[in-house]
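Notes to accompany the following structure.
The values are calculated or read from the model by the stated rules, or taken from the named source; none is laboratory data. All values derive from a computational prediction rather than experimental measurement. Neighbour counts run over all protein chains shown; Cβ positions are idealised from the backbone, glycine included.
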């Protein structure tokens, strides 16, 4: 009997340094036992220090990638990352709906860890109009949540209010990540009008390149494995905290997480 293989698709930008974007998503999928597929929306020249350049792919080619994947290997979940324009948002949402995709996790990538702007105002418009309405959950950090909710966020109470605004506007669950608040390691999960505070120990590690990409793809992984939404978020946070806690130190800037930590001991026993 063939073993059941779970599948997830990431639709996002590429990071040549391997810590974020498509590369982080595929590493996360593999680490959590998922067969991962990818549709690349943009190619970046970046490392742990900065994003030097971004080349956005042609919308027709993105559509062709989506059709090739979705007509052949159906994903049990989808992670959406870097969306550079409203046209890319529109065609992505259209094709996902056409093929009946669910369990859609959107990380509204607007600014990189190094501070580079990755999404234009047109891209934000496209996310709000096309992508968020088909999403199961979106995972903004504090700066992104401030843009989307149009309010200042200074504490956990503000996070809840921002989540409520986004939930009412977009009709999907919200995970507002609190890492940008100096005195908090608490995220807010908001769904069906209720807020759940998810608190974890703050890890003293500046190497957090690709954390948002990793978290969202981990949520998608656990959804593909059959967990409900809240448990998928909780288990994804546990995985990301473990990856940060390995204290990997690669590169000269804010380095990446150790995505492979969950199976490295197993590999070492084999080889």
State whether the residues of the stretch 26-38 include one that is farther than 19 Å from residue 120 by Cα, out of contact with any helix residue (DSSP H, G or I) (no Cβ under 9 Å at 6 or more places or on another chain) and surrounded by fewer than 23 Cβ atoms within 10 Å (Cβ to Cβ). no
Number of the condition not met by residue 259 [criteria: (1) in contact with a helix residue (DSSP H, G or I) (Cβ under 7 Å, 6 or more places away or on another chain); (2) touching a residue at least 60 places away in the same chain (Cβ under 8 Å); (3) part of a helix (DSSP H, G or I)]: (3)
Please state which one of 77, 135, 112 is modelled with pLDDT under 95, buried (at least 19 other Cβ atoms within 10 Å of the Cβ) and closer than 19 Å to residue 25 by Cβ. 112
Among the listed residues 210, 171, 251, identify the single one that is touching a residue at least 60 places away in the same chain (Cβ under 8 Å), on the phi > 0 side of the Ramachandran plot and surrounded by fewer than 17 Cβ atoms within 10 Å (Cβ to Cβ). 251
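Considering every residue within the stretch 171-187, establish whether at least one is part of a helix (DSSP H, G or I), over 19 Å from residue 211 (Cβ atoms) and modelled with pLDDT of 95 or more.
Within the stretch 171-187, none of the residues are part of a helix (DSSP H, G or I), over 19 Å from residue 211 (Cβ atoms) and modelled with pLDDT of 95 or more.
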Which of the following residues is in contact with a helix residue (DSSP H, G or I) (Cβ under 8 Å, 6 or more places away or on another chain), within 20 Å of residue 103 (Cβ to Cβ), modelled with pLDDT of 95 or more and in a strand (DSSP E or B): 196, 240? 196
Exactly one of 78, 69 is in contact (Cβ under 8 Å) with a residue 24 or more places away in the chain and assigned to a strand (DSSP E or B), and that one is 78
Looking at (1) in a loop (DSSP other than H, G, I, E, B); (2) under 21 Å from residue 154 (Cα atoms), find the lone condition where residue 227 falls short. (2)
Name, by its number, the condition in (1) out of contact with any strand residue (DSSP E or B) (no Cβ under 6 Å at 6 or more places or on another chain); (2) crowded, with 22+ Cβ neighbours inside 10 Å; (3) part of a helix (DSSP H, G or I); (4) touching a residue at least 40 places away in the same chain (Cβ under 8 Å) that does not hold for residue 144. (4)
Condition (residue is at pLDDT 95 or above, under 25 Å from residue 37 (Cβ atoms) and surrounded by fewer than 20 Cβ atoms within 10 Å (Cβ to Cβ)) applied to the stretch 102-109: is it met by at least one residue? yes
Being buried (at least 22 other Cβ atoms within 10 Å of the Cβ), in contact (Cβ under 8 Å) with a residue 12 or more places away in the chain and over 30 Å from residue 255 (Cα atoms): is that true of residue 93 here? yes
